[in-house]
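What follows is a single structure, written as structure tokens, with notes after it.
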């Protein structure tokens, strides 16, 4: 684990910071959730399990169940809830397990979110 953490913050030859996509996502979500109390996170198994790629591990303990919401396996419903939440002034972040599942929510994405 320590080795992965060291690799995650390695620098390239130009001295620029290099991190994994997972760590970049985790860092960005954390930054926004700390900055704005209206940001919430919703998706399948993101709370107790930490997400299918472990991006959200520990978030439910840190931010609570009202801001880190485990949803049923219903991509259309998840995206629909996010659209409604954003219309009410919240800033939802939706995690779908893979890009393939976004096609199940394409109506909400194209016709309602956009």
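FYI, it's all coordinate maths here, none of it is from the lab. Nothing here was measured: the structure is a model prediction, and the numbers come from that model. No Cβ is skipped: glycine too gets one built from the backbone with ideal geometry, and neighbour counts run over all protein chains shown.
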Relative contact order (%) - the chain, alpha-carbon pairs under 8 angstrom, separation at least six: 22
Residue 38 and residue 88 label points (each 7 Å along its Cα→Cβ direction) are spaced in nm at 1.3
Shape category assigned to the range 26-113 from the gyration tensor of Cα positions, a/c cut at 1.5: oblate
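Taking only DSSP H segments of four or more residues, each worth -39500 (n - 2.57), what value at 222 nm results for the chain once the sum is divided by all its residues, to the nearest 500 deg cm²/dmol?
Details: 5 runs with 44 residues, N = 114.
Rounded to the nearest 500, it is -11000 deg cm²/dmol.
Within 10 Å, count the other beta carbons around each residue, average over each peptide in 12-22, 104-114, and list them highest first.
On the way: 12-22: 9.6, 104-114: 14.5.
Descending packing order for the listed peptides: 104-114, 12-22.
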Quick check on the chain: of the DSSP beta bridges with both residues there, what percent are antiparallel, nearest 5%? 10
